[in-house]
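Below: one structure, written as structure tokens.
The values are calculated or read from the model by the stated rules, or taken from the named source; none is laboratory data. These numbers come from a predicted model, not from an experiment. Neighbour counts run over all protein chains shown; Cβ positions are idealised from the backbone, glycine included. Quick note on the areas: whole protein, heavy atoms, side chains included, nothing else; ligands and nucleic acids left out. Shrake-Rupley method; radii C 1.70, N 1.55, O 1.52, S 1.80 Å.
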Amino acid sequence: MKIFSKEQIYEGDKLTAEKQQISSTDLMERAGSQIFNWIDLRMQGAQVPIHVFCGIGNNGGDGLVLARHLILAGYNVNTFVVNCSDKRSKDFLINYDRIKNVTKKWPTLLKCKEDFPAIEPQDIIVDCVFGIGLNRPVDEWVKNLFLHFRASKAFTLAVDIPSGLYTDKAVTDEDAVVHAGYTLSFASPKLVFFLPETAKYTVQWEVLDIGLDPEFLSTTQTEVQLIGKNEVLPNYIPREKFSHKGQFGHALIIGGSYGKIGAVSLASRSALSAGAGLVTAYIPKCGYNVLQTALPEVMVITDADDEKITNIAFDIEPTVIGIGGVGLGTDTKSQKAFEAFLKTNKTPLVIDADGINLLAKKKSLLKQLPEETVLTPHPKELERLIGSWENDFDKLEKVKAFSNKYKVIIVVKGANSITVFDNTLYVNTTGNPGLATAGSGDVLAGIITGLISQGYHPVVASIFGVYLHGKAADIAVEDYGYQSLIASYVIDNMGGQAFIDLFKQPEQPEQVEAEEPKP
């Protein structure tokens, strides 16, 4: 799914009006009607008090359309205009006149705290105050209104975006933002729904189709893509009947140190479960018996040192190498071995954790990475790599700049992991808090390595791997819960369930045959 910028949405509105030969007021009517249909389907005429708060721009106009339809359908509606400026949009004024024609109870104009209405916890608030067009700080009295919403504990439904949120920059005052229980977003979700600092302002979201021009929606290129099953399924490479293991590559996992052989085990096993034809682990001698016993499917090469990696040398020709995150360590000997390896390596790489930390300690090494190397840092590792950031938007800009400079793919791990390459953000939708556990990063690095081994392009492997990793965790958490989910369970459910889930069709409602009328 594409995530459009606010400028693209404005362009889409304009183009739709021109091509469909309708006015902007007609498009607003369509948007407000869709919101009404969504509410009416769920409320079925229930007389719960609905308080619709409208700004004086186009988002407020949508609210006035909604309020008019609710009134005509017999709902218990109170309409308020948040009178925060003298500049009213043309379509707002048109719909302000229209609502006056269907009720004697005209919208109440709010100008200060004394005007705030009483709202009970069982009521419903509909937020149509600002929308995506907000371009200045919220007035103090409007901020107090938003705090009044929160204090009421009423369910809050935001239209398009919670008021006070910007689409393209950070929030400076969280009290100046509506905290929505649900957001109905036009045409596409907004990037801020998926970022750590701003996702909290809406618990859930849903996209409403307001009939924007189909050609515009399909041909417009966006800088942000939302990744779900429909986006990854076309990239799946099916296997032919006479396939053999040699066709699916040879993944080499380099890492481990005394006490951290388990990390290599997890990465190696997940690379196999992702579909690599062969997997070899390169580890210190102390891990030989452990790995040969734990994973009979994985071949093992050992370093000359008993406890750490000191000299990376092998006589195989791997398709891809995963290195660093799997317990490599950052001591002087391991660092020198890593540096020497990078100077001669031409094989595609996936680098995690300690490998990233070693790169951060000596950034000249970044120039030796093959193009389209995959880096999978957690937040602190990312900070060591790109420096600190002021907010999520600043972070993403710095990640894009870093990715462009070194031509690398960066997986920014988090609740909605974001894969970054070539100025494009791929926002993942799978995963849950159960992944906040030891070893889950090793599993992800192994999955991506295993996918590249089979011939998936590194960008596709990163996007697909992040999706499968999260999906496997979503399946596993149904049996184990968040607290008891461990990394091994993610691997168990990736091979057995996450791949299979790609091909599951939605369950269809059971058809009940009508009985023949009795004579």
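Could you tell me whether Tyr166 is over 15 Å from the mean Cα position of the chain (by Cα) and in a loop (DSSP other than H, G, I, E, B)?
Answer is yes for this residue.
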message: open to solvent by 10 Å² or more (accessible area, probe 1.4 Å) and without any contact (Cβ under 8 Å) to a residue 60 or more places away in the chain: is that true of Thr220 in this structure?
response: no
- prompt: If we keep just the residues of region 146-157 that are in contact with a helix residue (DSSP H, G or I) (Cβ under 8 Å, 6 or more places away or on another chain), open to solvent by less than 30 Å² (accessible area, probe 1.4 Å) and not hydroxyl-bearing (Ser, Thr, Tyr), which is farthest from Thr202 (Cα to Cα)?
  reply: Phe146
query: Are any of the residues in region 335-345 in the same structural domain as Lys413 (by the TED database), part of a loop (DSSP other than H, G, I, E, B) and either modelled with pLDDT under 95 or open to solvent by less than 30 Å² (accessible area, probe 1.4 Å) (or both)?
result: yes
query: With region 374-442 as the region, which strands (runs of 3 or more DSSP E) entirely inside it contain at least 2 residues that are crowded, with 21+ Cβ neighbours inside 10 Å and over 14 Å from the mean Cα position of the chain (by Cα)?
result: 374-376, 409-412
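If you check Glu206 against the conditions, is it closer than 27 Å to Asn423 by Cα, assigned by the TED database to the domain that holds Gly55 and part of a strand (DSSP E or B)?
yes
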query: Hey, Asp91 hits all of (1) open to solvent by less than 40 Å² (accessible area, probe 1.4 Å); (2) touching a His at 6+ places or on another chain (Cβ under 9 Å) but one; which does it fall short on?
result: (2)
query: From the set of residues in region 485-506 that are in contact (Cβ under 8 Å) with a residue 40 or more places away in the chain and assigned to a helix (DSSP H, G or I), which is farthest from Ala267 (Cα to Cα)?
result: Asp501
- prompt: Of the residues Ile309, Ile261, Ile301, Ile323, which is touching a residue at least 40 places away in the same chain (Cβ under 8 Å), among the aliphatic types (A, V, I, L, M), touching a strand residue (DSSP E or B) at 6+ places or on another chain (Cβ under 9 Å) and more than 30 Å from Ala498 (Cα to Cα)?
  reply: Ile309
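Looking at region 353-373, which of the residues that are open to solvent by 10 Å² or more (accessible area, probe 1.4 Å) and in contact (Cβ under 8 Å) with a residue 40 or more places away in the chain is nearest to Leu425 (Cα to Cα)?
Applying the first criterion (open to solvent by 10 Å² or more (accessible area, probe 1.4 Å)) to region 353-373 yields 353-354, 357, 360-364, 367-372.
After this cut, where a residue has to be in contact (Cβ under 8 Å) with a residue 40 or more places away in the chain as well, the list is 353-354, 372.
Numbers: Ala353: 21, Asp354: 24, Glu372: 15 Å.
Checking each candidate, the answer is Glu372.
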query: Is one or more of the residues making up region 377-391 in contact with an Asp or Glu (Cβ under 6 Å, 6 or more places away or on another chain), over 21 Å from Ala274 (Cα atoms) and hydrophobic (A, V, I, L, M, F, W, C)?
result: no
message: Among the residues in region 318-330, are any at pLDDT below 95 and open to solvent by 30 Å² or more (accessible area, probe 1.4 Å)?
response: yes
message: Being more than 27 Å from Glu29 (Cβ to Cβ), buried (at least 18 other Cβ atoms within 10 Å of the Cβ) and among the aliphatic types (A, V, I, L, M): is that true of Val203 here?
response: no
- request: Any chance you could count how many residues in region 117-145 are open to solvent by 60 Å² or more (accessible area, probe 1.4 Å), over 30 Å from the mean Cα position of the chain (by Cα) and not polar (S, T, N, Q)?
  value: 4
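Looking at region 277-318, which of its residues are in a loop (DSSP other than H, G, I, E, B) and farther than 21 Å from Phe341 by Cα?
Within region 277-318, Gly277, Leu295, Pro296, Glu297, Val298 qualify.
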statement: Per the list (1) at pLDDT 95 or above; (2) surrounded by 15 or more Cβ atoms within 10 Å (Cβ to Cβ); (3) assigned by the TED database to the domain that holds Tyr489, residue check on Asp306 breaks on (2)
field: region 356-413: number of residues that are aromatic (Phe, Trp, Tyr) and farther than 21 Å from Leu444 by Cβ
entry: 2
- request: State whether one or more residues within region 260-275 are touching a Pro at 6+ places or on another chain (Cβ under 8 Å) and buried (at least 24 other Cβ atoms within 10 Å of the Cβ).
  value: no
- prompt: Does Phe186 fit the bill of being in contact (Cβ under 8 Å) with a residue 12 or more places away in the chain, buried (at least 18 other Cβ atoms within 10 Å of the Cβ) and either small (Gly, Ala, Ser) or out of contact with any Ser or Thr (no Cβ under 7 Å at 6 or more places or on another chain) (or both)?
  reply: yes
